[in-house]
Amino acid sequence: MSQVVKGIAASDGIGIAPAYLLVDPDLSYEKKTIDDPAAEYARVEAAFEKSIKQLETIKENAASRLGAEELAVFDAHITILSDPEMMGQIKDSIETNKVSAEEAVDTVTTMFSDMLASMDNEYMKERAADVKDVAKRAMSNLMGKELPNIAGIDHPVIIVAHEITPSDTSQMDAKFVKGMITDLGGRTSHAAIMSRTLRIPAIVGSQTITTDAKDGEMMVVDGLNGDAVLNPSEEEVAKYEQAAADYEKQLAEWAKLVDAPSVSKDGKEFEIAANIGTPDDVEDATKQGADGVGLFRSEFLYMSGDHFPSEDEQFEAYKKAVEGMNGKPVVVRTMDIGGDKPLDYMPLPEELNPFLGYRAIRICLQQPDMFKTQLRALVRASEFGPIQIMFPMIATVAELRAAKKIYEEAKAEVQATHPGLGDNVKIGMMIEVPLAAVNADALAKEVDFFSIGTNDLIQYFFAADRGNESVSYLYQPLNPALLSVIKHVIEAAHRHDTKAAMCGEMAGDELALPLLMGMGLDEYSMSATSILRTRSMMSKLDTKECAELVEEAINLSTAEEVAELVKSRLNK
């Protein structure tokens, strides 16, 4: 009899194949007192050096399948293995406590991992998995045991694991790995992001799949809905095979829209843009037919190295992005560091509420020289294509004016040797602080465009950390009160000839799309893989009917009622 296990849909698609339980080697060890600490620490150094070489090889082999952002995970793992603080603690443990290399590595890496896992934000919790991944590799090399050879899989399988690490995912061949499902993990984990890049259907956070599934047992992974079916009947297999075929047919239909305009059924033109993290992501954005880049998260330039990126380093990255978009606009968000994105080389004060603290534009305004370095690089890159600059985390008109003043100073410095350069650059801001949304009329007079960052706006609006599972029910993009605020922001923008865009997850939400179109949102920026689906759906919607739908929706009481209303109209 079949069994359904539910989890979080992490990567679209449907996979049907036998289960392949990813079982790690036994890394248990016997605790003992050692006599030669120097020899024991030499074993640690050799194991870590071997681990680094393995990761370098894995990264090299994965380079053709993964983008720069995903490959940067391996640099992060190599950095962990080279961390002098961790190595110092391992050495100290061996010398002081006379314990074996195995016990010292296990104790210290577990301490680091537990410390990260206990932090109160999703990003740092996910980094605990990185430390565990590194520790497992180092321990296996220390003990002379082989890790599972995922790269050697040569027949169709569904990977079933307690947790899938980035190095696991990078070795997967989509020709044979038809899907994957884990006990742990969220949509923001590296494994989930990589599965989407590799287009492998995936479910994470099922909690029980490794105890429910049997190795070799036929199973289905429905990455569209987050359902896994164990031991499916012939009828269920046939149903999912048809669903998979329908999805593939849908993908083929969407692919025909790569060069099509983003236009509604009644002929109103919109823009559907891509969110990117690195210049290398531009290639996928263009393949998916993006009308531009609506969000270039420039913080990855700061997070991928061990120093502040220089003006020239940033210039080259922005230049590559604008040239890759072939004349289509690229919106660059200025450095959004702090909160869930710390920098090892830039100590920030310990804060009880880092999301509400010293981050993003607040750092930039207090460190104008660092801010100007980025702004000068952006002005210089504008010579090679249309760049637009967007300030994050703006709360007040005074902050916005201060940021614009620093920008004007940076532009003047560039124009001293390049007259007129940067004069065509458009300046915008993110609407993610509730005060900014309320005060949209005053702010709209100051900028060329707004970009509504719904991920943060929603968590601030509801006073609910979006990474906290206990309050996840308060992540409600369809809440009528929130919809009213978004409508107000769009209308305020238009009253002052300011463009209204959205770059949060809501921009690619199928149920939100007709509502946003009805409000007159000009630009929708999303993951590149969502662009063609959204363009197809947009072409079937009439904006006048969507506007009527908005008026009904904002007069309802709950997000659930809005969802039911939209579904009923879409299915009519």
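Quick look at the values:
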{"quantity": "Qualifying positions in the range 486-512 - in a helix (DSSP H, G or I) and surrounded by fewer than 19 Cβ atoms within 10 Å (Cβ to Cβ)", "calculated": "His488, Glu491, His494, Arg495"}
{"quantity": "Any hit, the range 497-511, residues being touching a Lys or Arg at 6+ places or on another chain (Cβ under 9 Å) and aliphatic (A, V, I, L, M)", "calculated": "yes"}
{"quantity": "Matching strands (runs of 3 or more DSSP E) fully within the range 1-57 where at least 1 residues are closer than 30 Å to Leu71 by Cβ and not assigned by TED's automatic domain parsing to the domain that holds Asp106", "calculated": "8-11, 14-21"}
{"quantity": "Any helices (runs of 4 or more DSSP H) falling wholly within the range 279-386 and containing at least 2 residues that are touching a Lys or Arg at 6+ places or on another chain (Cβ under 7 Å) and crowded, with 23+ Cβ neighbours inside 10 Å", "calculated": "368-381"}
{"quantity": "Given (1) out of contact with any Ser or Thr (no Cβ under 9 Å at 6 or more places or on another chain); (2) closer than 19 Å to Met143 by Cβ, index of the condition Val99 fails", "calculated": "(1)"}
{"quantity": "Qualifying residue in the range 403-420 (condition: under 30 Å from Asp83 (Cβ atoms) and in contact (Cβ under 8 Å) with a residue 24 or more places away in the chain)", "calculated": "no"}
{"quantity": "So Asp423, is it assigned to a loop (DSSP other than H, G, I, E, B), among the charged types (D, E, K, R) and assigned by TED's automatic domain parsing to the domain that holds Val322", "calculated": "yes"}
{"quantity": "Subset of the range 426-463 [surrounded by fewer than 19 Cβ atoms within 10 Å (Cβ to Cβ) and closer than 24 Å to Pro329 by Cβ]", "calculated": "Lys426, Ile427, Lys445, Glu446, Asp448, Asn455"}
{"quantity": "Any hit, the range 142-153, residues being closer than 18 Å to Ser206 by Cα and of a type in the set (Val, Ile, Thr)", "calculated": "no"}
{"quantity": "Filtered residue count, the range 147-201, keeping only those that are surrounded by 21 or more Cβ atoms within 10 Å (Cβ to Cβ) and free of Cβ contacts under 8 Å to residues at least 12 places away in the same chain", "calculated": "0"}
{"quantity": "In the range 441-465, residue farthest from Gly504 (Cα to Cα) [restricted to those that are in a helix (DSSP H, G or I) and among the β-branched types (Val, Ile, Thr)]", "calculated": "Ile458"}
{"quantity": "Condition met for Glu248 (part of a helix (DSSP H, G or I) and within 30 Å of Gly13 (Cβ to Cβ))", "calculated": "yes"}
{"quantity": "Conditions (1) under 25 Å from Ala62 (Cα atoms); (2) touching a helix residue (DSSP H, G or I) at 6+ places or on another chain (Cβ under 7 Å); (3) β-branched (Val, Ile, Thr); (4) modelled with pLDDT of 95 or more; number of the one not met by Val204", "calculated": "(4)"}
{"quantity": "Among the residues listed as Ala559, Ala528, Ala512, Ala553, the single one being at pLDDT below 95 and either closer than 27 Å to Tyr473 by Cβ or touching an Asp or Glu at 6+ places or on another chain (Cβ under 8 Å) (or both)", "calculated": "Ala528"}
{"quantity": "Filtered residues of the range 550-566 (kept if more than 20 Å from Glu491 (Cβ to Cβ) and out of contact with any Leu (no Cβ under 7 Å at 6 or more places or on another chain))", "calculated": "Ser557, Thr558, Glu560, Glu561, Glu564"}
{"quantity": "Residue within the range 472-486 that is free of Cβ contacts under 8 Å to residues at least 24 places away in the same chain, within 18 Å of the chain's Cα centre (by Cα) and assigned by TED's automatic domain parsing to the domain that holds Leu556 present", "calculated": "yes"}
{"quantity": "Conditions (1) aliphatic (A, V, I, L, M); (2) part of a helix (DSSP H, G or I); (3) out of contact with any Cys (no Cβ under 6 Å at 6 or more places or on another chain); (4) in contact (Cβ under 8 Å) with a residue 60 or more places away in the chain; number of the one not met by Leu515", "calculated": "(4)"}
{"quantity": "Residues of the range 83-99 that turn out to be assigned to a helix (DSSP H, G or I) and in contact (Cβ under 8 Å) with a residue 60 or more places away in the chain, as a count", "calculated": "1"}
{"quantity": "Residue that is more than 19 Å from Ala317 (Cα to Cα) and not assigned by TED's automatic domain parsing to the domain that holds Ile159, where the choices are Ser233, Ser262, Ser298", "calculated": "Ser262"}
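Listed here are the residues, each with its yes/no results for (1) part of a helix (DSSP H, G or I); (2) aliphatic (A, V, I, L, M); (3) under 16 Å from the mean Cα position of the chain (by Cα); (4) under 19 Å from Glu70 (Cα atoms).
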residue: Ile164; (1), (2), (3), (4): no, yes, no, yes
residue: Asp168; (1), (2), (3), (4): yes, no, no, yes
residue: Lys175; (1), (2), (3), (4): no, no, no, no
residue: Met180; (1), (2), (3), (4): no, yes, no, yes
residue: Gly185; (1), (2), (3), (4): no, no, yes, yes
residue: Ala191; (1), (2), (3), (4): yes, yes, yes, yes
residue: Ser195; (1), (2), (3), (4): yes, no, yes, yes
residue: Thr211; (1), (2), (3), (4): yes, no, no, no
residue: Lys214; (1), (2), (3), (4): no, no, no, no
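The values are calculated or read from the model by the stated rules, or taken from the named source; none is laboratory data. Note that this is a predicted model, so its numbers are computed, not measured. Virtual Cβ from ideal backbone geometry, glycine too; neighbours counted across all protein chains shown.
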